[in-house]
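Engineer: The structure follows.
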Amino acid sequence: MPPVREIAVFGGSSHPELTAEICAHLRVPQRPVLLKRFANDCLEVQLQSNCRERDVFIIQSLVRPVQEHLVELLLMADAARGASAARVNAVIPHYAYARSDKKDATRISIGGRLVADLLVTAGVGRVLTLNLHSPQVHGFFSVPVDHLHALRELAGHFRQRDLSNAVVVSPDLGYAKSAAAFARRLGLPVAAGAKERISDSEVRIAAIIGDVGGRDVIILDDEISRGTTVFELLDRLREQGARSVAVACTHGLFADNALDKLAAADVTEIVCTNTAPLEAEHPKLTVLSVAPALAEAISRIHIGESVSALFD
Ligand code: R5P
């Protein structure tokens with residue numbers, strides 16, 4: 001059997017708390033990184049720990065400012081490869097470019113695919129990520145991708161609630177499969193909105209397929225950005241007589257003050273994970289950590305054990 005190579009974990013600047021938490025779960029030190037910005041605004045990265053023949057994991061969430069964090073990740077991967085790492089793994093808790101996943105207008109770019117190619121060109125040999133916006137994004141990568149979800153964490157939270165009258169609602173048909181898997185974990189029925197996105201800040205949900213009248217609704221989505229989707233769904237749910245509404249998602253991005261606006265709306269609670277650092281807190285908000293799941297996946301990848309078996 002080949003010797004198990006030493007693991008070396010580095011973190012970009014996007015989410016230091018999550019990196020520290022993952023390292024604590026792995027019981028490994030976080031290796032230092034020096035990031036410099038030159039007068040011409042270019043970045044330079046120096047990994048300040050030996051990478052030679054190490055299994056290198058670089059943790060970087062693609063959150064605001066996304067372009068800065070992306071370039072930082074590319075430079076870190078390039079530095080690790082140039083320093084003779086045995087393998088370079090990118091741990092990307094939130095892959096923001098996944099939303100750019102199809103040609104749905106003329107002459108538009110497909111960023112999800114391009115960024116996947118850039119990562120591989122920079123030296124990334126494996127990707128670990130959570131809840132990609134759509135399943136086809138997985139196939140954009142020409143290297144292995146371990147694609148986790150946070151349904152276990154979210155279901156664990158809602159199991160503490162009275163679910164006797166509850167129903168899970170996906171805002172759109174695209175996410176209905178995940179919502180159904182989540183509902184199965186909780187033994188609940190599922191419903192879905194017929195959503196059409198008009199623009200980044202406007203969506204239309206014409207109808208809800210399924211029974212929500214008089215029920216305690218748990219809205220489940222992959223991410224909440226501006227909250228446009230949830231607000232539109234709340235209108236339909238009210239019209240159809242839902243008794244109460246809780247909101248859950250993996251990626252709590254909360255752009256444009258969405259957290260306060262949502263909390264001020266008639267929702268009982270908002271639950272997300274820490275794939276993105278949160279800039280604000282609110283008494284209605286619960287943040288669940290994905291650090292234990294990511295650490296477990298990293299550990300399994302490192303020793304060559306099945307990751308899917310863990311998260312099925
Ligand atoms: C889109 O299709 C996703 O599943 C989410 O519903 C969307 O990204 C949420 O964005 P926003 O909160 O801005 O509506």
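The values are calculated or read from the model by the stated rules, or taken from the named source; none is laboratory data. These figures come from a predicted structure and were not determined experimentally. Ideal geometry is used to build each Cβ from the backbone, glycine not excepted, and the neighbour counts take in all protein chains shown. Just so you know, the surface numbers come from the protein's heavy atoms only, side chains and all, with ligands and any DNA or RNA stripped out. Shrake-Rupley method; radii C 1.70, N 1.55, O 1.52, S 1.80 Å.
Engineer: Pull up segment 229-281, narrow it to residues that are of a type in the set (S, T, N, Q) and over 20 Å from Phe158 (Cα atoms), then point me to the one that is farthest from the ligand (Cβ to nearest atom).
Structural biologist: Gln240
Engineer: Within segment 181-223, track down each residue that is under 16 Å from Ser164 (Cα atoms) and modelled with pLDDT under 95.
Structural biologist: Scanning segment 181-223 gives no hits.
Engineer: Might you let me know whether segment 64-85 holds any residue that is among the hydroxyl-bearing types (Ser, Thr, Tyr), surrounded by 22 or more Cβ atoms within 10 Å (Cβ to Cβ) and at pLDDT 95 or above?
Structural biologist: Checking segment 64-85: not a single residue is among the hydroxyl-bearing types (Ser, Thr, Tyr), surrounded by 22 or more Cβ atoms within 10 Å (Cβ to Cβ) and at pLDDT 95 or above.
Engineer: Next question, about the same structure. Among the candidates Val56, Val88, Val66, single out the residue that is touching a residue at least 40 places away in the same chain (Cβ under 8 Å), of a type outside the set (Asp, Glu) and under 27 Å from Leu132 (Cα atoms). Give the derivation first.
Structural biologist: Values: Val88 fails: touching a residue at least 40 places away in the same chain (Cβ under 8 Å); Val66 fails: touching a residue at least 40 places away in the same chain (Cβ under 8 Å).
Matching residue, one of Val56, Val88, Val66: Val56.
Engineer: May I pose another question? Anything in segment 181-198 that is in contact with a Ser or Thr (Cβ under 8 Å, 6 or more places away or on another chain) and either outside any strand (DSSP E or B) or more than 10 Å from the ligand (Cβ to nearest atom) (or both)? List them, or say none.
Structural biologist: Scanning segment 181-198 gives Val190, Ala191, Ala192.
Engineer: How about segment 132-180: which of its residues are hydroxyl-bearing (Ser, Thr, Tyr), assigned to a helix (DSSP H, G or I) and closer than 15 Å to Ala98 by Cα?
Structural biologist: Residue satisfying the conditions is Tyr175 alone.
Engineer: Kindly indicate whether any position in segment 7-19 is open to solvent by less than 30 Å² (accessible area, probe 1.4 Å), in contact (Cβ under 8 Å) with a residue 60 or more places away in the chain and hydroxyl-bearing (Ser, Thr, Tyr).
Structural biologist: Within segment 7-19 (the criterion being open to solvent by less than 30 Å² (accessible area, probe 1.4 Å), in contact (Cβ under 8 Å) with a residue 60 or more places away in the chain and hydroxyl-bearing (Ser, Thr, Tyr)), the answer is yes, since at least one residue qualifies.
Engineer: Taking Ala206 as meeting all but one of (1) within 12 Å of the ligand (Cβ to nearest atom); (2) open to solvent by 30 Å² or more (accessible area, probe 1.4 Å); (3) in a strand (DSSP E or B), write down the number of the exception.
Structural biologist: Failing condition for Ala206: (1).
Engineer: Next question, about the same structure. Taking only segment 231-261 into account, find how many residues are buried (at least 23 other Cβ atoms within 10 Å of the Cβ) and either modelled with pLDDT under 95 or not in a loop (DSSP other than H, G, I, E, B) (or both).
Structural biologist: Total meeting the criteria: 9.
Engineer: Looking at segment 154-169, can you tell me whether even one residue there is within 16 Å of the ligand (Cβ to nearest atom) and more than 28 Å from Thr19 (Cα to Cα)? Quick ask: steps written out before the conclusion?
Structural biologist: Kept after step one, since they are within 16 Å of the ligand (Cβ to nearest atom), are these residues of segment 154-169: 154, 168-169.
If we keep only those that are more than 28 Å from Thr19 (Cα to Cα) as well, we get 168-169.
The answer is yes, given that some residue of segment 154-169 is within 16 Å of the ligand (Cβ to nearest atom) and more than 28 Å from Thr19 (Cα to Cα).
Engineer: Of Val290, Val212, Val190, which residue is under 30 Å from Pro16 (Cβ atoms) and either without any contact (Cβ under 8 Å) to a residue 24 or more places away in the chain or in contact with a helix residue (DSSP H, G or I) (Cβ under 8 Å, 6 or more places away or on another chain) (or both)?
Structural biologist: Only one candidate qualifies: Val290.
Engineer: Can you go through Arg113, Arg31 and tell me which one is more than 16 Å from the ligand (Cβ to nearest atom) and closer than 21 Å to Phe10 by Cβ?
Structural biologist: Arg31
Engineer: Filter segment 209-228 for residues that are within 12 Å of the ligand (Cβ to nearest atom) and either open to solvent by 10 Å² or more (accessible area, probe 1.4 Å) or under 21 Å from Ala180 (Cβ atoms) (or both) and give the result.
Structural biologist: Ile219, Leu220, Asp221, Asp222, Glu223, Ile224, Ser225, Arg226, Thr228
Engineer: When you look at Ile58, is it of a type in the set (A, V, I, L, M, F, W, C), touching a Gly at 6+ places or on another chain (Cβ under 9 Å) and modelled with pLDDT of 95 or more, yes or no?
Structural biologist: Yes: the conditions hold for Ile58.
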